[in-house]
Structure formats: structure tokens, C-alpha cells
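Visitor: This is the structure, below, for whatever I ask next.
Read-outs throughout are calculated quantities, based only on the coordinates presented, and are distinct from any laboratory measurement. What you are looking at is a predicted structure, and each value in this text was computed from that prediction instead of being measured. For neighbour counting, all protein chains shown are included, and Cβ atoms are generated from backbone atoms with ideal geometry for every residue, glycine included.
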Amino acid sequence: MFCNNCGKEISDKTAVCPHCGASTGKVSVGQLDGPVGGLGVLCFLIPVVGLILYLVWKDEKPVKSKGAGIATICGFILAPIVIIIIGVAVAVGIQMFDTQAMQLNRQAIVDDLQCLGSSVIQYYRTPSNQGGSGHIITNGTEADIIEYMGWASNPETTDTGTFTLYITGTNVVEIVGVGTETGADGISGVSATLTITCTAKDPKQITITN
């Protein structure tokens, strides 16, 4: 091409005539070069993109190429660390969620057992001619107790878990509750056993079994 000012032949890529200093209206490669800017973040997050940009800019835009290269290297080095940290955080979060769910379900089982124990004691204290045991649990059967409590069957399943009632002595009843959440053993559901000794001063005793 020729300079519009002095008419001398010049390179097609030059932005300024080397003979007279007049502008040719073209933008030089150097003018297009500069800090990598926001693309550096992309290079850091996706190192493969950074590597491609580095190779593309290496000759024509050395400043941008260098910035992309640095961001890419940082991405390659830090990405595994970031992934590990995120993985650990997710695992801890899941563990905390599972632990909280387990504790809530266990507490719900205990609360239900307390209510069921009160129903058994009421059955024990109710006269036999009114549907109770007349102060002797074995005057009735397990079927009589669950009918008094309104259970449809034994065991009885609710949203909280499954409850099974046993007569284990003359005036002793046990109710085993198994929850819907996995317990501390990592296999079976959370569980607790309520022992109701109807003649005792403190008749209800709950033992956490899982």
C-alpha cells in the first residue's frame, strides 16, 4: 500500500507511515495489546481456554498472552485445591444435615413414646369394666392395650416410625420405637425403648438404643 500523505510505499500492517509519520488509519498490533482484563478470570476458571488464548496471542499480543498464561497456570495449580475444598465442604454439609435429621427423628420417637406410655398408664389405672386393666396389666392382652390406645395394628406405623408393644411382666409393658432416619450404626433406623413399670413411682423409663 501507499501512504496517503507522502505517496511512498509502506507495509499493509503499519499504522503510521515510517517516512512522514502520518497515520494510515489502521490499528497496530501494539495498540491492541494490553492487560488481559476480565478474560483473566475466564482463563483462571477454565485453564484450557487460557492455554488456547496464550498460544493465539503469543506472537501478536505478548502482554495479553503473558496475562492469560499466568492466569492459566494459577488455575491449573489452584483448581484441584478449590475442588478439594468444595468437596470437603459438601461432604461436611451432608453429614451435618444427616446428623440433624437423625437427632430430630430420634427426639420425635422419644416424644411419641412418652405419649404412648401415658396411654398405657391410663389403661392400667382404668377399671376393667370400663375397658382398662384394673391395676393389673395382665388382666388384658397386648391386643386389648392397643385397642384402648387406638392402634390399628401391632406394630403401629406413623410418620415418625414404627412402634411395637409387648407385655413383659405382670404390670410391665415395653414399647419399641424405630424411626425413619438411619441411626448411629449407619444401618438401621434410630430407635428407643420405653419400659413402663406401672407400679413404680416413676413408671416411664426410656433407653436410646440407636
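Visitor: For the chain, what is the charge dipole size about the Cα centre, in debye to the nearest 20, if Lys and Arg each add +1 at the Cβ and Asp and Glu each add -1 at the Cβ?
Guide: Dipole size: approximately 1380 debye.
Visitor: Each label point is 7 Å from the Cα along the Cα-to-Cβ direction; what then is the distance between the points at Asn5 and Ser23, in nm?
Guide: If labels sit at Asn5 and Ser23, their model points lie 1.1 nm apart.
Visitor: Out of [x] 10.5; [y] 15.1; [z] 20.8, which label holds the value of mean projected area of the Cα convex hull in nm² that was computed here?
Guide: [z]
Visitor: Subtract the Cα-Cα distance of Thr209 and Ile83 from 0.36 nm times their separation in residues, and report this length gain in nm to one decimal. Each step should come with its number before you reach the end.
Guide: Values: separation 126, 0.36 × 126 = 45.36 nm, distance 3.83 nm.
In short, 41.5 nm is gained.
Visitor: Rounded to the nearest 500 deg cm²/dmol, what is the calculated helix-only ellipticity per residue at 222 nm for the chain, with -39500 (n - 2.57) per DSSP H run of length n ≥ 4?
Guide: Working: 5 runs with 94 residues, N = 210.
Estimated from H runs of four or more residues: -15500 deg cm²/dmol.
Visitor: Here is a further query. State the extension gain, in nm to one decimal, for the chain segment bounded by Ile121 and Met96, taking 0.36 nm per residue of separation less the distance between their alpha-carbons.
Guide: 5.2 nm is the gain from fully extending Ile121 to Met96.
Visitor: Next up: For the range 74-161, treating each Cα as an identical point scatterer without solvent, what Debye log10 I(q)/I(0) comes out at q = 0.12 1/Å?
Guide: -0.56
Visitor: Which Cys in the chain stand alone, with every other cysteine's Cβ at 4.7 Å or more from theirs?
Guide: Flagged as lacking a Cys partner: Cys43, Cys74, Cys115, Cys198.
Visitor: Among Ile52, Ala79, Leu165, whose Cα lies farthest out toward the positive end of the dipole of the chain, if unit charges sit on the beta carbon of Lys, Arg (+1) and Asp, Glu (-1)?
Guide: Result: Ile52, furthest along the dipole toward the positive end.
Visitor: Right, here's the next one. Placing +1 on the Cβ of each Lys and Arg and -1 on the Cβ of each Asp and Glu in the chain, which of Val178, Gly132, Phe97 has its Cα farthest towards the positive end of the resulting dipole?
Guide: With unit charges placed on the Cβ atoms, the residue in question is Phe97.
Visitor: Would you mind pulling out the separation of the Cα centroids of the range 74-93 and the range 106-180, in Å?
Guide: 52
Visitor: Nearest 20 debye, what's the magnitude of the dipole of the range 102-208 about its Cα centre given +1 on Lys and Arg Cβ and -1 on Asp and Glu Cβ?
Guide: Computed charge dipole of the range 102-208: roughly 340 debye.
Visitor: Apply the Karplus parameterisation 6.51 cos²θ - 1.76 cosθ + 1.60, with θ equal to phi minus 60°, to every residue of the range 165-171 and state each ³J(HN,Hα) to the nearest whole Hz, in sequence, with x for glycine and proline.
Guide: 10, 9, 8, 10, x, 3, 10
Visitor: What is the spin-label model distance, in nm, from His135 to Thr164 if the labels are put 7 Å beyond Cα along the C-beta direction?
Guide: 3.3
Visitor: Loop only by DSSP, 12 or fewer other Cβ within 10 Å of the Cβ. Give me the trypsin sites (Lys or Arg not before Pro) in the range 115-210 that pass, ordered by residue number. Don't skip to the answer; put the middle values down first.
Guide: Working: sites: Arg125, Lys201, Lys204; in loops: Lys201.
Answer by residue number: Lys201.
Visitor: Work out how much length Ser188 to Glu142 would gain on full extension: take 0.36 nm times their residue separation and subtract the Cα-Cα distance, in nm to one decimal.
Guide: 14.0 nm
Visitor: To continue, here is another question. Which peptide among 59-67, 85-93 comes first, and what is the full order, when sorted by highest mean count of other Cβ atoms within 10 Å?
Guide: 59-67, 85-93
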